[in-house]
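Visitor: Let me begin by handing over the structure; questions about it come next.
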Amino acid sequence: MSQTTASAGPGATPGSDDKLAHVLATFPEAKREYLIPILQAVQESQGFLSREAIVRIAGHLGLPASKVFGVATFYNQFRFQSQGRFNVQVCRGTACHVKGSAAVLNAVKRGLKVEPGQTTRDGVFSLEVVACIGACGLAPVITAGGDFHAAVQPDKVNRILQSYRKRAADDAA
Amino acid sequence: MIQIQVNNKTIEAKPGEMLLGALRRAGIQVPTLCNMEELLPTGACRMCVVEVEGAPALVPSCAFPVREGMKVKTHSQRAVRARKTILELLLANHPDDCLYCPRNGSCELQSLAENLGVRQRRYTGLKSQHKIDTSSPSLVRDPDKCILCGKCVRVCEEVQGVACLDFIGRGSQTTVGTAFNQGLNVSSCVACGQCIRVCPTGALSEQSHFRAMLNAIDDPEMTVCVQVAPAVSVTLGEEFGIKPGADIAGLLNAALRRLGFDYVFDTGFSADLTIMEEGSELVHRLQNGGRLPMLTSCSPGWIKFVEQFYPEMIPNLSTCKSPQQMLGAVVKGYFAERQKIDPAKIFTVSVMPCTAKKFEAGRAEMVRGDMADIDLVLTTRELARIIRMRGIDFNALEAETADTPFGERSSAGKLFGATGGVMEAAIRSAHFLVTGKEMENLKVQPVRGLEGIKTATVKVGEVELNVAVVSGLANARKLLEEIRAGRKDLHFIEVMTCPGGCINGGGQPIGTDLEAVKARMQALYRIDREEGVRVSHANPSVQRLYSEWLGKPMSDVSHKYLHTHYHAREVLK
C-alpha cells in the first residue's frame, strides 16, 4: 500500500490514531473480504464508525471511501455516531408492531428530536430500532440504558425519557 | 453459433452470450435502463424481462445466457405488462416535473412511459425527498430523480477508476451518493460528466447558467468572444438530426454569429499553440534531464485525478495550460492589446464537449488578478439548447469562417478531439523542432483508434521516443500503477479523461452510441487527410502570435499567460 492512499485524508483528526492503527494492524493484508470484519472490529474498539475510521479503512484496503461507506450503511449493525449515555432501543418486531410500536417510535423520535442511528446533541440519548428483542409478552417494548419498559404507550414516552434526563442532570451536578 | 427461437422465429446466438445481445442483433428491441454495453450485467432494473419457455418466472434477458433451442417470447402480454408495472412503480417514486426537467425530451423514463402506454397513476405513495447537490462547479445531482439503475456508480468506478459514487443504505432507503453522502465538491469526483451521459433520467445534469453570457451579448460595451473545441463541430449536428460524423464547423460559426457573439474563434488555434509550448517543453525535458515521462495537461478531469490520487506525479504534468485556457489568456492579453480593448470589457465563452472544463475555468490558477481567462463554459448540449431557444434553423444557414486572429488552425490542432490526437500533433511538431525537417509520413497510425491504452516508439531525429496514449481514467490508473511500480521506458504520455477522448466527452449529446463516436473520430481523420496545413508549427496565425507577442515557446510571456501549476488535493477518496 502506498503512502498516498494510506494517508488519513480530510476525515482525520489527530489523537485517535493509535487505537485505529492497532485494529488495522490485526488485518495486515489488504484483502477486500476483510472489509466487514474490519468494520466490526473498529466499531467494537471505538463504539462507532467515525469518518476518520472509514477513510482510513478505505486506504488500508485500497478501496474507495464511497464503497466502504456504502457497505457500512447497508448493515444495521453499524453506527456512525457515538452512542449516547443512554441507548434507547425501540422494538419493531411483529408483536410490538401489532401492539402499536410505530406510534411509540414516532413519539420517541419527537421526544428526542433525532432519527434512528443518531445521537442527541447533548449526548444523553442515542436511538436505535431493533427487529425483536425477544420480550414479545411485554409488547410494545423499549429499552433505555439497558432497562426494559413494557407496554409503552406513546403518551408515556416523554415521562420515561424525562426520568433519564433527570438522571443525567443529577450525575452531572 | 447456436440457434434459438424468439417470437416463433429462429435467430442465431453466440454460445455463452446473454440473451439480450442476440435479441439486439436480430433487431428485437427489449427496453433496458441499467444495461451498459461492454460491462457485466447487473440485472438491476428488470425492464428487459422476457418469457422463456420452461422458466418458472420472467427472466432478465441482459443476465440470462442463451441455450440451444430455447424458446423466448419478448413481447407477450405477460412480459409487456410486467415491464409496464415495473415502470409504473418507478414512476410512483419519481417527481412529476418533466416539463421543468433538464432531460425533458431526452429522458429514458419518459420515452418508456410513452412506449408502454402509461396513462394513469396507478400507484401513489410517499416519494423520497433529498437535497439537490449543486456543490460541484460542473455537475448537479438530484437524487429524487434517481431510479437506482447504478450506471453512474459503474461508469465512475469501472470506466473512470474514480469511484466517488456508490449505493448508500438499503431497501427503500437506498440512495446513490458520495462517501458520507456529502457534496460532490469534497468527493473525488473529477467532473468528467460521463455519469450524465449514462444517466437515464434527470438525476445527473450539468451546471447550466448562461444568463451572464446573454447579458454580455446584449451589452454594447462588452466584446464577447466565443471559442469552439475541435470535437464539437463533428458532434453538434447530431442534436439537429444530422448524421454522426458530419463536420458542421462552417454552419456552427454562422450560428454563433446569429447568437450575437462578436468574435468566433477556434480552439484548434490554441491547440496548435499548446503543441508549440508542450512540444518545446518535451524537447527541453529530454535534452536537460527533466522529469519524465511527461504527461499531457489538456484534460482537466485528468489533472484533478492526478492531483488527488497521484500527487507525486504532479511534476510529470506538462505546465502548459489547456487549449481552452490558452485561448482565453491570449484573447485577454494579445488580442485586447491589438484591438485596444480594455480586457475587463471582454467576455470569453468556450463551447466544450466537456463538463470538467467548467471546473477548470474556475480554478484559481486560471485567474490573473480578478480576471478569469474564461468567463463561461458551455457544453455541446447547452449550445444546442441555446440554438434551439433562439430559433436558429441550421438548414437555412450558409457556412462561414471563423475570425482572425484566432480562427485559423492546422488539422493537427483539430485532431485534439480524439484520443491520440495530441500525441500525433506533438510528434509531428517535435520532429520538426528537433530535426528541422517534416516527417515523411505525417500519419502516426499506432496512436490512432479507440483502444484504451496505445503505445508506440517513434523516431525523432536520433532519439527513439517511447510514447503512450491513454483514454478513460481507469486505463490511466493502470498505466500510472505500472509507473509507480518502476516502469521507466516511457517518455511522453497523452491522457484523455473520457474513453475515446473529447469526441466522447461528458458534455456531448446524451447516450453512449459507440458507432457515433467512431464516426466522429473518422470525421477528424478525414479533415486531417484533406486539409493543407497539417502541422501546428505551420499555422500562420500561431507564427504571427510568436513574432508579434510571445517571442518564442517557453518565453517569459509564454510562461505568464500560457503556463500554470498544479497542487495536491485532499478529497474523500
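Visitor: From the list B:112, B:90, which one is out of contact with any Phe, Trp or Tyr (no Cβ under 8 Å at 6 or more places or on another chain) and without any contact (Cβ under 8 Å) to a residue 60 or more places away in the chain?
Guide: Values: B:112 fails: without any contact (Cβ under 8 Å) to a residue 60 or more places away in the chain.
When all the criteria are applied, what remains is B:90.
Visitor: Here is a list of conditions, (1) farther than 13 Å from residue B:47 by Cβ; (2) at pLDDT 95 or above; (3) surrounded by fewer than 19 Cβ atoms within 10 Å (Cβ to Cβ); (4) not basic (Lys, Arg), and residue B:63 meets all of them except one; can you say which number that is?
Guide: Going through (1) farther than 13 Å from residue B:47 by Cβ; (2) at pLDDT 95 or above; (3) surrounded by fewer than 19 Cβ atoms within 10 Å (Cβ to Cβ); (4) not basic (Lys, Arg) one by one, residue B:63 breaks only (1).
Visitor: Take the residues in the stretch A:80-95 that are away from every other protein chain (no Cβ under 14 Å) and assigned to a loop (DSSP other than H, G, I, E, B); name whichever of them is farthest from residue A:112 (Cα to Cα).
Guide: Here is the first cut: in the stretch A:80-95, the ones away from every other protein chain (no Cβ under 14 Å) are A:82-91, A:93-95.
Filter once more, keeping what is assigned to a loop (DSSP other than H, G, I, E, B): A:82-85, A:93.
Numbers: A:82: 16, A:83: 14, A:84: 11, A:85: 13, A:93: 21 Å.
Looking at the filtered set, the residue picked out is A:93.
Visitor: Under the condition of being part of a helix (DSSP H, G or I) and modelled with pLDDT under 95, which residue from the stretch B:160-196 is farthest from the other protein chains (Cβ to nearest Cβ)? Even if it seems obvious, please write down each step before you answer.
Guide: Of all residues in the stretch B:160-196, those part of a helix (DSSP H, G or I) come to B:171-173, B:179-181, B:184-186, B:194-196.
Subset that is modelled with pLDDT under 95: B:171-173.
Details: B:171: 9, B:172: 13, B:173: 9 Å.
Applying the filter and picking the extreme gives B:172.
Visitor: Looking only at the stretch A:45-56, decide whether some residue is modelled with pLDDT of 95 or more, closer than 20 Å to residue B:153 by Cβ, out of contact with any Phe, Trp or Tyr (no Cβ under 8 Å at 6 or more places or on another chain) and within 13 Å of another protein chain (Cβ to nearest Cβ).
Guide: So far as the stretch A:45-56 goes, yes, one or more of its residues are modelled with pLDDT of 95 or more, closer than 20 Å to residue B:153 by Cβ, out of contact with any Phe, Trp or Tyr (no Cβ under 8 Å at 6 or more places or on another chain) and within 13 Å of another protein chain (Cβ to nearest Cβ).
Visitor: Inspect all residues belonging to the stretch A:45-57 and state whether any of them is in contact (Cβ under 8 Å) with a residue 40 or more places away in the chain, surrounded by fewer than 22 Cβ atoms within 10 Å (Cβ to Cβ) and in the same structural domain as residue A:21 (by TED's automatic domain parsing).
Guide: Checked the stretch A:45-57: at least one residue is in contact (Cβ under 8 Å) with a residue 40 or more places away in the chain, surrounded by fewer than 22 Cβ atoms within 10 Å (Cβ to Cβ) and in the same structural domain as residue A:21 (by TED's automatic domain parsing).
Visitor: Taking into account only those residues within the stretch B:147-157 that are touching a helix residue (DSSP H, G or I) at 6+ places or on another chain (Cβ under 7 Å) and away from every other protein chain (no Cβ under 12 Å), which is farthest from residue A:66 (Cα to Cα)?
Guide: Within the stretch B:147-157, the first condition is being touching a helix residue (DSSP H, G or I) at 6+ places or on another chain (Cβ under 7 Å), and the residues that meet it are B:147, B:151-152, B:155-156.
Those left that are additionally away from every other protein chain (no Cβ under 12 Å): B:147, B:151, B:155.
Working: B:147: 19, B:151: 15, B:155: 14 Å.
Checked the stretch B:147-157; the qualifying residue farthest from residue A:66 (Cα to Cα) is B:147.
Visitor: Could you tell me whether the stretch B:129-146 includes any residue that is at pLDDT below 95, within 14 Å of chain A (Cβ to nearest Cβ) and assigned to a loop (DSSP other than H, G, I, E, B)?
Guide: yes
Visitor: Restricting to the stretch B:24-51, give me the number of residues that are touching a residue at least 24 places away in the same chain (Cβ under 8 Å) and in contact with a strand residue (DSSP E or B) (Cβ under 7 Å, 6 or more places away or on another chain).
Guide: Selection size over the stretch B:24-51: 7.
Visitor: Is at least one residue of the stretch B:456-470 closer than 24 Å to residue B:356 by Cβ and either basic (Lys, Arg) or at pLDDT below 95 (or both)?
Guide: Checked the stretch B:456-470: no residue is closer than 24 Å to residue B:356 by Cβ and either basic (Lys, Arg) or at pLDDT below 95 (or both).
Visitor: All but one of (1) over 23 Å from the mean Cα position of the chain (by Cα); (2) within 30 Å of residue B:356 (Cα to Cα); (3) exposed (fewer than 15 other Cβ atoms within 10 Å of the Cβ) hold for residue B:110; which doesn't?
Guide: Status for residue B:110: all satisfied but (3).
Visitor: Let me ask you something else. Would you say residue B:252 is modelled with pLDDT of 95 or more, aliphatic (A, V, I, L, M), assigned to a helix (DSSP H, G or I) and under 21 Å from the mean Cα position of the chain (by Cα)?
Guide: Working: modelled with pLDDT of 95 or more: yes; aliphatic (A, V, I, L, M): yes; assigned to a helix (DSSP H, G or I): yes; under 21 Å from the mean Cα position of the chain (by Cα): yes.
Here the answer is yes, as residue B:252 does meet what is asked.
Visitor: While we're looking at this one, here's another question. So if I check each of A:74, A:69, A:125, A:48, which one is touching an Asp or Glu at 6+ places or on another chain (Cβ under 9 Å) and aromatic (Phe, Trp, Tyr)? I'd like the intermediate steps shown before the answer.
Guide: Details: A:74 fails: touching an Asp or Glu at 6+ places or on another chain (Cβ under 9 Å); A:125 fails: touching an Asp or Glu at 6+ places or on another chain (Cβ under 9 Å); A:48 fails: touching an Asp or Glu at 6+ places or on another chain (Cβ under 9 Å).
That would be A:69, the only listed residue that is touching an Asp or Glu at 6+ places or on another chain (Cβ under 9 Å) and aromatic (Phe, Trp, Tyr).
Visitor: Does the stretch B:173-225 hold any residues that are touching a Gly at 6+ places or on another chain (Cβ under 9 Å) and β-branched (Val, Ile, Thr), and which are they?
Guide: If the condition is that a residue be touching a Gly at 6+ places or on another chain (Cβ under 9 Å) and β-branched (Val, Ile, Thr), then B:175, B:176, B:190, B:196, B:198, B:217, B:224 are the ones that fit.
Visitor: Within the stretch B:511-542, can you find the residues that are of a type in the set (A, V, I, L, M) and buried (at least 18 other Cβ atoms within 10 Å of the Cβ)?
Guide: Step one: list which residues in the stretch B:511-542 are of a type in the set (A, V, I, L, M), which gives B:514, B:516-517, B:519, B:521, B:523-524, B:527, B:533, B:535, B:538, B:542.
Within the stretch B:511-542, B:516, B:517, B:519, B:521, B:523, B:524, B:527, B:535, B:542 meet the criteria.
Visitor: Right, another one. Select from the stretch B:442-484 the residues that are within 14 Å of chain A (Cβ to nearest Cβ), more than 20 Å from the chain's Cα centre (by Cα) and buried (at least 17 other Cβ atoms within 10 Å of the Cβ) and write down the one among them that is nearest to residue B:303 (Cα to Cα).
Guide: So, considering only residues that are within 14 Å of chain A (Cβ to nearest Cβ), more than 20 Å from the chain's Cα centre (by Cα) and buried (at least 17 other Cβ atoms within 10 Å of the Cβ), the one nearest to residue B:303 (Cα to Cα) is B:480.
Visitor: Report, ordered by the first and then the second residue, all pairs with beta carbons closer than 7 Å, sequence separation of six or more or different chains, a first member in the stretch B:551-573 that is away from chain A (no Cβ under 14 Å) and at pLDDT 95 or above, and a second member that is surrounded by fewer than 17 Cβ atoms within 10 Å (Cβ to Cβ) and assigned to a loop (DSSP other than H, G, I, E, B).
Guide: Short answer, once both residue conditions are applied: B:557/B:551.
Visitor: Of B:430, B:412, B:425, B:402, which residue is assigned to a loop (DSSP other than H, G, I, E, B) and over 19 Å from the mean Cα position of the chain (by Cα)?
Guide: Details: B:430 fails: assigned to a loop (DSSP other than H, G, I, E, B); B:412 fails: assigned to a loop (DSSP other than H, G, I, E, B); B:425 fails: assigned to a loop (DSSP other than H, G, I, E, B).
It is B:402.
Visitor: Which of the following residues is under 27 Å from the mean Cα position of the chain (by Cα) and surrounded by fewer than 19 Cβ atoms within 10 Å (Cβ to Cβ): B:343, B:300, B:311, B:353?
Guide: On the way: B:343 fails: under 27 Å from the mean Cα position of the chain (by Cα); B:300 fails: surrounded by fewer than 19 Cβ atoms within 10 Å (Cβ to Cβ); B:353 fails: surrounded by fewer than 19 Cβ atoms within 10 Å (Cβ to Cβ).
It is B:311.
Visitor: One residue is enough: does the stretch A:28-36 have a residue meeting the conditions touching a residue at least 40 places away in the same chain (Cβ under 8 Å), within 14 Å of chain B (Cβ to nearest Cβ) and within 25 Å of residue B:158 (Cβ to Cβ)? Before you say what the answer is, go through the steps one by one.
Guide: Keep residues of the stretch A:28-36 that are touching a residue at least 40 places away in the same chain (Cβ under 8 Å), which gives none.
No - not one qualifying residue is present in the stretch A:28-36.
Visitor: Considering only residues that are within 8 Å of chain B (Cβ to nearest Cβ), within 18 Å of residue B:171 (Cβ to Cβ) and among the hydrophobic types (A, V, I, L, M, F, W, C), which ones fall in the stretch A:63-79?
Guide: A:69, A:74
Visitor: In addition: What are the residue pairs meeting all of these: first residue in the stretch B:375-386, first residue surrounded by fewer than 24 Cβ atoms within 10 Å (Cβ to Cβ), second residue assigned to a strand (DSSP E or B) and among the aromatic types (Phe, Trp, Tyr), Cβ atoms under 8 Å, and 6 or more apart or on different chains?
Guide: So the pair list comes out as B:375/B:347; B:376/B:347.
Visitor: Please work out which residue is surrounded by the fewest Cβ atoms within 10 Å (Cβ to Cβ), limiting yourself to the stretch B:255-280 and to residues that are under 26 Å from the mean Cα position of the chain (by Cα) and among the acidic types (Asp, Glu).
Guide: Here the answer is B:277.
Visitor: What is the one condition in (1) among the polar types (S, T, N, Q); (2) assigned to a helix (DSSP H, G or I); (3) without any contact (Cβ under 8 Å) to a residue 40 or more places away in the chain that residue B:233 does not satisfy?
Guide: (2)
The values are calculated or read from the model by the stated rules, or taken from the named source; none is laboratory data. Everything quoted here is computed from the prediction, not taken from an experiment. Cβ: placed from backbone, ideal geometry, glycine included. Neighbour counts: every protein chain shown.
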